[in-house]
Amino acid sequence: MRGGATLHLNFRMSERLHTLGAPPALAYVVFQLRDSGTNAVVATNTVGGYSTSFSNVGAGTYYARFDVIDALSSSIVVGGPQNSTNSVTVTGLSATYTTGFSLVSPTMQLQNGTGGAVAATFTTPYGSGFSELINPATNVVIATNLGSASHHLAQVVDGTYGFWGFGVNGGFATPARQSSNVTVSGNGATVSGAWNVTTPTETIVAGGGGSAANNIPAMTASLGVMGGHDINAAGDIVFTTPLVHQVRFIPAVGGFRYGQAMTAGNIYTIAGTTFGFLGDGGLGTAARLFSPIDCAFDASGNIYVADMNNQRVRLINSAGFISTFAGGGGSVADGISPTAASLTSIRGVSVSGGSLYIADTQANKVRVVTGGIITTYLGTGTASSTGDGGSPLAANVNFPADVAFGPFGHVYVAEEGGNRIRVIAGTTNPYYGQAMTAGNVYSLSSGSGPRHLAIDSVGHVYEVGGPTAVYMVDLANNLRQVGGTGALFSAGGTSGSISLLSNGALQYSTFSNTLVRIL
């Protein structure tokens, strides 16, 4: 507050609002006075109707901001750019300032200011949601806000930012990915970039039929209860069916693949006949598996399978032959051949570069195979969730179920027994609302019993678990439901697994209706 005479300051909307037509079901008006030098809020008031007043405002020059909230649609009616052209100067014991209002579409706007710092306001296309500004170089969150349609973010200097915005409760705005950055320039006078809003669609890509036969269109097939699935860069889909002990494959490109002639878009069994352990060295179609629960491609087209009840990782090569890649031995030591190692009830397998990560679930560890040697990556074998901020080899993990990989070298673990997600930081920086040191382990928010994870190009974590829902952890470590009733997509039935396609779309499977869908 500036010094000077104390006054009663009255604000009114001009008749221009009425000529445009007052917004329907006007709920309230928000008025702000901001210091012309520092942009700090001097006073604010919220009232119904078309006018408001402030008491005890010192003499001086201020910038004015006006927000009118429509109760039905949460749309915002805002005065023009808040700069010196519509400042208000207070010189006496009272003053009156009248301004015109104009209707604007939900978009990104700036609260006014000079001096190189502005307070950004993001307005969602829907009634509620959240917004994020991120530094595209470091992925660090600059500002975030949750809740209402209008998000007044922290002070933001001129620059270029990644902008992500989501609306929920009746609508969903897809993120404006980093190719659609927001640039703030001219001390807040210019903002380029805004919402990239699309209507979500769900497309069934497999399942819904009644036949378990081979070489039929995937859309007419019965998939059974699905376990994990994976998608490679070419668009091929592989998934497991633990109750019938098989691995099935839907090629994006036809030809002779995995030991059999294939037609693009049809479905094939590439491993498994009935439960048991049999067939290493031969074609997978003659082999036996016991409750295969997850699978993953590598860059060469090999498929790794978490053969859960056989306590092994099986490998199906691109020619269709199957072998044991890890497990079946009797040692829990590190630095040995993977086939000499003992694994227990494996729930997840994931590939990054030339390494295979194994969720050794009942052993309460994550193991990694690199260069023909298996070692422990996370966990001591004790079922708990301790050790955050320290080495992953000194930390405990409780029933790890999946491993995923994100930007900046981060490795993520779905800790089903601990109801949390653990992340091993790849670089040192503030991430997910906490300071992280490269190589150390930290906890993130989660729904109940996370089983499968997918990480997008910026670092949002998508998870499926026990509830009939899909959740997302945003960059400030807030948990948001994006799948399930009333959310981004229906997620009918308990979700099985989730993957992220190269174009940023989500693909997920469900247990109850056994459909693979793509958003």
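The values are calculated or read from the model by the stated rules, or taken from the named source; none is laboratory data. Note that the structure is a prediction, hence the values are computed from the model and not measured. Positions of Cβ are generated from backbone atoms using ideal geometry, with glycine treated the same way; all protein chains shown enter the neighbour counts. Side chains are part of the model used for accessible areas, which takes the heavy atoms of the whole protein and leaves out ligands, DNA and RNA. Shrake-Rupley method; radii C 1.70, N 1.55, O 1.52, S 1.80 Å.
Applying Stokes-Einstein at 20 °C and 1.002 mPa s to the Kirkwood radius of segment 328-384, computed over alpha-carbon pairs, gives a translational diffusion coefficient of 192 µm² s⁻¹. Overall, the accessible surface of segment 366-456 at a probe of 1.4 angstrom is composed of carbon and sulfur to the extent of 53 percent. Taking the inverse of the mean reciprocal distance over all distinct Cα pairs, the Kirkwood hydrodynamic radius of segment 328-483 comes to 15.3 Å. At full extension, V205 and A234 could sit 8.9 nm farther apart than now, given 0.36 nm per residue minus the alpha carbon distance.
Taking 0.36 nm per residue of separation and subtracting the current Cα-Cα distance, fully stretching the chain between N214 and T386 would add 57.2 nm.
Multiplying the residue separation of T61 and S355 by 0.36 nm and removing their Cα-Cα distance gives an extension gain of 99.5 nm.
Measuring r between the beta carbons of S300 and T437 and using R0 = 41 Å, the FRET efficiency lands at 0.75. The S457 and A261 beta-carbon pair, evaluated with R₀ = 45 Å, returns a calculated FRET efficiency of approximately 0.80.
In this structure, the amide hydrogen of L378, modeled 1.01 Å from its nitrogen in the peptide plane, lies closer than 5 angstrom to those of V366, counting only residues at least 5 positions away or on a different chain.
Would you please give the FRET efficiency between T274 and S345, computed as 1/(1 + (r/R0)^6) with r the Cβ-Cβ distance and R0 = 25 Å, to the nearest 0.05? Working from the Cβ atoms, E equals 0.80.
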